[in-house]
Structures are given as C-alpha cells and as structure tokens.
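*Asks:* My questions will all concern the structure given below.
Computed from the coordinates by the stated procedures, all read-outs in this text should not be read as laboratory data. The structure displayed is predicted, hence computed values, not measured ones. Heads up, the Cβs are rebuilt from the backbone with ideal geometry, glycines too, and the neighbour counts pull from every protein chain shown.
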Amino acid sequence: MLGGTNISHSAESAGQWRSYHDYLSERTAAGEFSGTVLVADGDHGGRPVLAQGYGMADRGRGIANSVQTRFCIASMGKMFTAVAVAQLVQRGRLTFHDTIGRYVPGFPPEIADRVTIHHLLTHTSGMGDVLFPPSGEEPPHTLAGLMEIIVRKPLLFEPGAQFGYSNSGFIVLGALLERVTGHDYAAHIRKHIFQPAAMTRTRIDVYRPKDVSGMAHGYALVEGTLKDISDSVQIGNPSGGAYSTVVDMYRFSRALTRHRLLSPAFTETVTTGKLDIPSHAPGLRYGYGFLEEKRNAIRFVGHNGGTPGYQCQMDIYPDLGHTVVVLTNQDKAVAPAIIRSQELLTQ
C-alpha cells in the first residue's frame, strides 16, 4: 500500500508508479497540483495500480480530493457523444457520411446538404463555438437553445477543408442523436454508455459545482491568484461539461476496450486518427471524438478537457493495456502530470 493506494507487485512497475506518486506529491506540496489520478496497469489485467487524491477538493472546508471526488471533465465528454453516434452507425440507423440535413432541421441548404457526420466528429465542419461567443454572454442552458443559435451561424470554412475545433459541431451531433432516437441526449448517454460501463457517479447536467455532492471546487487563475469559482454554472451538453470521477472514467475505458460499447471494428474506427491536428506535435491526430498519438511506436488514445478551474485527460494504451486518468481542479495542473505519465509509458 502507498498512501491508501495499491501499487503493482512487479518490482519495475512498482518503482515506476511510486516515482510518479512521489512526483505528484511534490507538485502538490508546491501548490502546483490538485486533483485525482488513476493508473491501470496492463501487466496486472488492466487493474488500477495507483489511485490517489492529491490536494484539496474544498480548501475552505478542508476537504481533500479522493478517488470518489467528482470533477468537471469538460471536453472529455466528446468521447461519449462519439461512441453513441458510432453505436447508431453499427446498428445501421445512420452512416458517418450522411449529411446533417437528413436528420436535423433548421439549417440552410448550404450547410444542411454539405456538412456530414464525419465532418462534425473530426472538427472539419467549419462550425464555430456557441459556448464561447465573442460577446462573452452566458450561452443557453438547453440543447434546444444552443441549436437555435447554431443553425443561424455561417460556416467559418468549407466543410472538410481544414481542422477547426468546434463545440458547436458536437452539440449538433447531440441534436442528431435526439432526432434519430427520440430520446433526450443525457438520458440516451446514461442508458447506452454510463449503465453498460457501470459509471455510477457521472452525470450530464447543468449545475454549480458547489451544489453537487462530493464534487471538487474549481480553482481558476485570476490575475495570478487561484480563486474558487464553484459558483459558476457548468453546462453539460454533447460537447462536454459532465462531471465524473477517475474510477468512472477508468470504467469507461474498460467498457470501450473490452467492447461492451462497440464492436472491435467500430472501436478501432472511432479511436483511429483521421487527420493531423495543426500546430501540435507530429503524430497527434484526431479521430471520431478521440485523440490518437504514437510515440516510439507506442499508441495511445483518449481525450483532454479544460474549463476555468478544471483540467483533465485520459490516455488509453490499447496495446499495453494501460489507462491513465488525471482529473484536476486547478488551472495549469494537468499538463505536467500527463506528460510525465506519457514519458514513463513511451520511453
């Protein structure tokens, strides 16, 4: 045991993850890390070998982060939407190259007849970002309200011409899911993703973190000082914003890689990169709601996320059987932690 956490019995693996734990503890002591980390080791059946909270979930009340602490997972939720869309393709209810006008009303013909599901999933649709309008106003809280704005916006570029990260595109995918299935987006994801994966502490909702039981307060950098912004509203939607735990995200990775959510072929389809991401390191590609990267011939897939006060990332190493989940409630905390784990597993 290490800090209440099981460490692999393999001497090499034990030393590797004990070193990682020590690194995170040092960053926490320096005020540079706050969150929860889970590492599952393929050498031990994919079971967790490190699961540990670091820092405080609520500094005002002295509540520490733990493996059961909930965090906003921001754009990590795009993986849920992508898997749900792929499930419908697998069932023959739509195809990746269908145009959105076939399912979602309200768009003008130049968008409805040209933008495809493939474009939306790969951020090549030309749609912008309804969640962060130039005016700075708070966006609508409902999917219907968000769609009322999206359908009126012109494209920023020709569909398929380039990569342009788009929350709006994934919101349209959520509207498409509702039209095809006849069910509310959040309820559909709960039934077809969360329940098969046994994700009992994950929700897609509109919420204030301070009002959610067991949730970490987010601490955002404001003029160089970390400020508790747990009063701010988080809008869970098909592009992200749900809250979850490291345990639940680990369960999602297990359900995905053990093909309880998609067949092996469709799992490969969504996680395989379709195009390079400009201005990023060579080898980083975007698939269908998943990032794919290769280093030293070692492949890992997953997604990151960030919103003021919360940053997160999950990396799944399909060939190694490893999963690393890092959820944080402090700005600028996730990158050093995830970079260190990637170095340990790819060198």
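*Asks:* To make sure I understand the rule: partners must be lysines, Cα under 26 Å from the Cα of Lys210, and not fewer than 8 residues away in the same chain. Which ones qualify?
*Replies:* Hits, sequence-local ones excluded: Lys78, Lys227, Lys332.
*Asks:* What is the angle, in °, between the Cα long axis of helix 11-29 and the longest principal axis of the Cα atoms in the chain? Nearest 10 is fine, range 0 to 90.
*Replies:* The helix 11-29 is inclined about 80 degrees to the chain.
*Asks:* What residues qualify as long-range amide H neighbours of Gly302, i.e. H under 5 Å apart, gap of 5 or more or another chain, H built at 1.01 Å from N?
*Replies:* Leu291, Ile316
*Asks:* Using alpha-carbon positions, what is the distance between the centroids of segment 157-179 and segment 15-57, in Å?
*Replies:* After rounding, the separation between the Cα centres reads 35 Å.
*Asks:* As an exercise, use a Förster radius of 22 Å and the Cβ-Cβ distance of His183 and Val212 to find the FRET efficiency, rounded to the nearest 0.05.
*Replies:* 0.40
*Asks:* Using 11 Å as the cut-off for backbone N distance, which residues of segment 302-316 belong to the label zone defined by a point 7 Å from the Cα of His280 along Cα→Cβ?
*Replies:* 302-305
*Asks:* List the relative contact order of segment 237-347 as a percent without decimals, with contacts defined as Cα pairs under 8 Å and 6+ residues apart.
*Replies:* On the way: 161 pairs, mean separation 18.4, N = 111.
That works out to 17 percent.
*Asks:* Compute the normalised compactness of segment 172-308: alpha-carbon radius of gyration over 2.2 N^0.38 Å, N being the residue count.
*Replies:* Values: Rg = 17.0 Å, N = 137, 2.2 N^0.38 = 14.3 Å.
Output field value: 1.19.
*Asks:* Here's something else I'd like to know. In segment 294-347, if every C-alpha pair distance is counted and binned at 10 Å from zero, what percent goes to each bin?
*Replies:* The percentages, shortest bin first, are 25, 53, 20, 2.
*Asks:* Using θ = phi - 60° and the Karplus relation 6.51 cos²θ - 1.76 cosθ + 1.60, list the HN-Hα couplings for segment 266-273 in order, rounded to whole Hz, with x at every Gly or Pro.
*Replies:* 6, 4, 5, 4, 6, 8, 7, x
*Asks:* Over the Cα atoms, compute the radius of gyration (one decimal) and Dmax (the largest Cα-Cα distance, rounded to a whole number) for segment 113-157, in Å.
*Replies:* Values for segment 113-157 (Cα only, Rg and Dmax): 11.3, 31 Å.
*Asks:* Under a no-solvent Debye model with one identical scatterer per Cα of the chain, what's log10 I(q)/I(0) at q = 0.09, 0.13, 0.14, 0.15 Å⁻¹?
*Replies:* Here the Debye-derived log intensity ratios amount to -0.46, -0.99, -1.14, -1.31.
*Asks:* Hey, what's the Cα Rg ratio for segment 69-141 versus the globular rule of thumb, 2.2 N^0.38 Å?
*Replies:* Working: Rg = 14.6 Å, N = 73, 2.2 N^0.38 = 11.2 Å.
Cα Rg divided by the expected 2.2 N^0.38 Å: 1.30.
*Asks:* Given a Förster distance of 25 Å, report the FRET efficiency between Arg61 and Ile339 from their Cβ-Cβ distance, rounded to the nearest 0.05. Mind showing how you got there, number by number?
*Replies:* On the way: r = 31 Å, r/R0 = 1.25.
According to the calculation, E is roughly 0.20.
*Asks:* Regarding segment 137-186, what is the average projected area of its C-alpha convex hull, in nm²?
*Replies:* Details: hull surface 17.3 nm².
Averaged projected hull area, Cα only: 4.3 nm².
*Asks:* To continue, here is another question. Please list, in chain and number order, the residues 5+ apart from Leu275 or on another chain whose amide H is under 5 Å from its amide H, with Hs placed from the backbone.
*Replies:* When sequence neighbours closer than 5 places are left aside, the close amide H contacts are Tyr286.
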